[in-house]
Amino acid sequence: MQSTLSCARKNNVVINSESQQFQISGLPANTWVGSRNFELMQSTECKGAKLYEIRSIVDIDQCKTSCLEYNCNAVNLFQIAEMDFMCEILGEVDSYEPAQGAACYVVNT
């Protein structure tokens with residue numbers, strides 16, 4: 001599984017590969033989950049059919065593994081508290097809403 005969730009944009013969730021802890025800094029414009037490319041929508045929550053939710057994520061790969069398992073079409077990332085993050089795995093995307101402390105990766109079709 002190809003993955004590099006570690007660029008530098010403000011107010012999004014990334015994993016710091018040195019400490020394996022999430023931090024507020026940024027996400028890459030797109031990432032791969034299996035053979036599918038996902039495009040980042042910053043400060044956005046994707047709305048649709050939620051298949052699975054992971055609270056207190058320790059590693060972004062937890063979200064990507066679940067996305068691959070459920071053949072998802074989007075992944076929402078949320079900052080719950082200063083160092084507390086969660087992700088939602090979506091089967092379908094119906095709409096998009098602006099949301100502070102959130103980011104959505106949607107499959108690039």
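The values are calculated or read from the model by the stated rules, or taken from the named source; none is laboratory data. From a predicted model like this one, the values you see are computed outputs, not experimental measurements. Glycine also receives a Cβ, built like all others from the backbone with ideal geometry; neighbour counts cover every protein chain displayed.
Miscellaneous remarks
- Count of residues meeting criterion [at positive phi and touching a Lys or Arg at 6+ places or on another chain (Cβ under 7 Å)] in the stretch 27-58: 0
- Number of the exception - Gly26 against (1) among the small types (Gly, Ala, Ser); (2) modelled with pLDDT under 95; (3) surrounded by fewer than 15 Cβ atoms within 10 Å (Cβ to Cβ): (3)
- Residues of the stretch 42-53 classified as of a type in the set (A, V, I, L, M, F, W, C) and either touching a residue at least 60 places away in the same chain (Cβ under 8 Å) or under 19 Å from Ala29 (Cα atoms) (or both), total: 1
- Summed over the stretch 54-109, the residues that are of a type in the set (Asp, Glu) and in contact (Cβ under 8 Å) with a residue 60 or more places away in the chain give a count of 1.
- Of all residues in the stretch 53-66, those that are out of contact with any Cys (no Cβ under 8 Å at 6 or more places or on another chain), outside any helix (DSSP H, G or I) and not basic (Lys, Arg) total 3.
- Verdict on Leu40 being part of a loop (DSSP other than H, G, I, E, B) and under 11 Å from Ala103 (Cβ atoms): no
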